[in-house]
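Read through the structure below, which is laid out as structure tokens, and then see the notes.
The values are calculated or read from the model by the stated rules, or taken from the named source; none is laboratory data. Not measured: the values here are computed from a predicted model. Because the Cβ atoms are built from the backbone with ideal geometry, glycine has one as well, and the counts that use them run over all protein chains shown.
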Amino acid sequence: MAAPSEAPVTRQVSGHAAPAQVPSGPESWQLLAAAVAELPVLDASGRPVPFGELFRERRAIVVFVRHFLCYICKEYVEDLAKIPKSFLQEANVTLIVIGQSSYHHIEPFCKLTGYSHEIYVDPEREIYKRLGMKRGEEIASSGQSPHVKSNILSGSIRSLWRAVTGPLFDFQGDPAQQGGTLILGPGNNIHFIHHDRNRLDHKPINSVLQLVGVQHVDFTSRPSVIHV
């Protein structure tokens with residue numbers, strides 16, 4: 001059973017220390033949310049939407065990815081795509097992915113990953129910067145991710161192949177930019193923030209879902225058993 005929508009998410013931000021330029025503490029986080037609320041993100045048609053509109057009415061899990069050619073981001077978003085919309089609706093939560101490419105890459109990326117939840121881009125990376133997302137990789141042990149299936153060689157080769165066979169030969173975003181995960185809303189409230197230290201340091205999806213009362217999701221590839 002999903003938790004009530006008004007239940008508190010968590011009282012503190014991620015265990016990883018935020019970059020020095022990002023303030024901490026409940027009041028400071030609220031000011032930070034207000035500061036980015038009016039910055040635009042673009043939808044798949046290129047229409048600008050104020051970032052704050054995405055979480056004004058209800059809580060949102062917002063996942064900032066590195067770039068759309070990153071095989072790790074691709075496989076992580078493939079697992080985000082497996083979250084049933086009914087699970088999110090029961091908890092009154094929105095799931096949002098933010099990339100940093102041109103909006104032209106949104107539709108192909110969704111087709112590639114099977115992702116059908118909300119997705120936008122911040123091509124100037126202004127929101128990434130304001131929220132203190134790291135640029136460059138920190139050498140740190142991130143453990144084995146349950147969401148990454150490819151090894152670095154096979155994953156990188158597939159990413160390169162997508163780059164050279166795509167309509168535009170680009171990285172679909174700054175390859176040095178790291179992402180992160182936040183729980184925001186309703187209104188200008190930040191309940192949780194995790195800054196990725198490197199490409200493998202994304203937050204396990206079920207640990208984020210648990211914070212907002214969304215049911216656990218089985219991300220294994222084995223087929224579901226349907227009882228009739």
From PRO186, PRO223, which residue is modelled with pLDDT of 95 or more, surrounded by fewer than 18 Cβ atoms within 10 Å (Cβ to Cβ) and assigned to a loop (DSSP other than H, G, I, E, B)? PRO186
Boolean, ASP174 is closer than 27 Å to ALA37 by Cβ, out of contact with any Leu (no Cβ under 6 Å at 6 or more places or on another chain) and at pLDDT below 85: yes
Are there any strands (runs of 3 or more DSSP E) wholly within the stretch 24-130 with 2 or more residues that are hydrophobic (A, V, I, L, M, F, W, C) and crowded, with 16+ Cβ neighbours inside 10 Å, and if so which? 40-42, 59-64, 93-99, 118-121
I'm trying to understand the selection: among the residues of the stretch 44-75, which are in contact with a Cys (Cβ under 9 Å, 6 or more places away or on another chain) and at pLDDT below 90? ARG66, HIS67
Result of the Cβ filter at 6 Å on the stretch 129-141, keeping first residues that are within 14 Å of HIS194 (Cα to Cα) and partners that are in a loop (DSSP other than H, G, I, E, B) and modelled with pLDDT of 90 or more, at least 6 apart or interchain, is MET133/GLN178; LYS134/GLN178
